[in-house]
Amino acid sequence: MSGAFRADDPDTSRAAAAGVNTAVLEQTVLDLLGRVGPSTTHELADMSEIQLVSISPRIAPLRRKGLVEASGEKRAGSTVWRLT
């Protein structure tokens with residue numbers, strides 16, 4: 001065990017153990033995509049001034065919930081995400 005989580009715990013468990021509110025981060029991603037349109041995770045991190053390592057893991061849960069999808073576009077080799 002490493003700190004308050006196991007090495008094989010999902011990112012959400014790690015974030016919770018670190019005191020990160022994943023619901024707030026997910027809402028931040030949704031709000032930004034709604035305001036500025038399709039964006040990469042790098043762009044979202046820059047706009048929000050939240051570290052990329054906190055923004056990137058929010059995409060998979062939002063995809064599973066059917067709230068975001070890949071636009072089919074790439075910028076600087078990164079997937080561009082959009083609201084569904």
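Looking at the range 71-84, which of its residues are in contact with a helix residue (DSSP H, G or I) (Cβ under 8 Å, 6 or more places away or on another chain) and within 14 Å of Leu30 (Cα to Cα)? Once the filter is applied, which keeps residues that are in contact with a helix residue (DSSP H, G or I) (Cβ under 8 Å, 6 or more places away or on another chain) and within 14 Å of Leu30 (Cα to Cα), the range 71-84 yields Trp81, Arg82, Leu83. Within the range 1-24, being modelled with pLDDT under 65 and in a helix (DSSP H, G or I) holds for Thr12, Ser13, Arg14, Ala15, Ala16, Ala17. Checking each residue in the range 25-58 for being assigned to a helix (DSSP H, G or I), of a type outside the set (Ser, Thr, Tyr) and buried (at least 18 other Cβ atoms within 10 Å of the Cβ) picks out Leu25, Glu26, Val29, Leu32, Leu33, Glu43, Leu44, Ala45, Ile55, Pro57, Arg58. Residue check: Ser48 meets all listed conditions (1) over 11 Å from the mean Cα position of the chain (by Cα); (2) modelled with pLDDT of 95 or more; (3) of a type outside the set (A, V, I, L, M) but one, namely (2).
If you go through the range 40-70 and keep only what is among the polar types (S, T, N, Q) and closer than 15 Å to Leu25 by Cβ, you end up with Thr41, Ser48, Gln51, Ser54, Ser56.
The values are calculated or read from the model by the stated rules, or taken from the named source; none is laboratory data. All figures in this text were calculated on a predicted structure; none of them were measured in a lab. For neighbour counting, all protein chains shown are included, and Cβ atoms are generated from backbone atoms with ideal geometry for every residue, glycine included.
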